[in-house]
1. Would you pick out the residues in the range 99-135 that are of a type in the set (D, E, K, R) and within 21 Å of D24 (Cβ to Cβ)?
2. Among the residues of the range 140-149, are any among the charged types (D, E, K, R), surrounded by 24 or more Cβ atoms within 10 Å (Cβ to Cβ) and in a helix (DSSP H, G or I)?
3. Hey, could you check the range 71-97 for residues that are among the basic types (K, R) and under 22 Å from S2 (Cβ atoms) and say which is surrounded by the most Cβ atoms within 10 Å (Cβ to Cβ)?
4. So Y81 clears everything in (1) under 19 Å from A133 (Cβ atoms); (2) touching a residue at least 40 places away in the same chain (Cβ under 8 Å); (3) in contact with a helix residue (DSSP H, G or I) (Cβ under 8 Å, 6 or more places away or on another chain); (4) part of a helix (DSSP H, G or I) except one condition, right? Which one?
Amino acid sequence: MSEEIYRDILDKIRACSDGPEIVDYAMRIITHATLAGYVAMLGIFLLEKRYQFLYENILVTGISLLVVSLIRKRIGAKRPYETMEIQPLVEKETGGDSFPSRHVFSIFIVAMAMLRQNIWLGLLFLAMGLILAVLRVIAGLHYPRDVIAGALIGVISGGLGFFVIFPR
């Protein structure tokens with residue numbers, strides 16, 4: 001996306017009296033709901049003594065998150081607010097490590113874990129992932145390529161881990 005498009009989107013959101021706060025709040029709610037859902041799923045596995053599922057979920061998500069984090073660090077891609085004269089909707093003190101989006105990756109790999117357990121929960125988390133991806137871009141925190149790559153890596157690594165390496 002061009003600087004002009006980012007500026008136009010950011011200006012329109014800021015023109016709404018609570019626009020930036022709503023975008024920030026929505027991103028936080030989705031992120032916290034993802035973490036809560038994942039921890040709840042692991043807790044259920046633990047309570048039901050489904051240790052194999054617990055192990056598989058921690059292993060697949062943990063290794064995938066580590067790999068994505070290493071990729072981000074290695075690439076060190078700058079964020080839109082670092083390469084353009086724009087101010088993101090939320091204050092961000094860190095720079096770089098924009099590609100791929102780890103927030104979007106995380107929700108998509110959790111969605112794949114949920115999909116394995118319950119199709120409706122999986123679809124709900126996939127939908128939340130799409131919303132989060134759009135919000136991260138319109139907030140000026142990521143380029144579209146960052147969130148697309150995060151989503152694809154989450155789906156691919158989750159698909160491989162949960163449906164190929166550890167099939168039921």
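1. Listed by number, the list holds a single entry, R102.
2. Among the residues of the range 140-149, at least one is among the charged types (D, E, K, R), surrounded by 24 or more Cβ atoms within 10 Å (Cβ to Cβ) and in a helix (DSSP H, G or I), which makes the answer yes.
3. Of everything passing the filter in the range 71-97, R79 is surrounded by the most Cβ atoms within 10 Å (Cβ to Cβ).
4. (3) is the only condition that Y81 fails.
So that you can scan it fast, the table gives a plain yes or no per residue for (1) within 27 Å of E82 (Cβ to Cβ); (2) in contact with a Ser or Thr (Cβ under 9 Å, 6 or more places away or on another chain); (3) surrounded by 11 or more Cβ atoms within 10 Å (Cβ to Cβ):
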site: S2; (1), (2), (3): yes, no, no
site: I22; (1), (2), (3): yes, no, yes
site: R28; (1), (2), (3): yes, no, yes
site: A40; (1), (2), (3): no, no, no
site: E48; (1), (2), (3): no, no, no
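A short reminder: the numbers here are calculations on the coordinates, not readings from a lab. Just so we're clear, the structure is a prediction, and the values are computed from it rather than from any experiment. Glycine also receives a Cβ, built like all others from the backbone with ideal geometry; neighbour counts cover every protein chain displayed.
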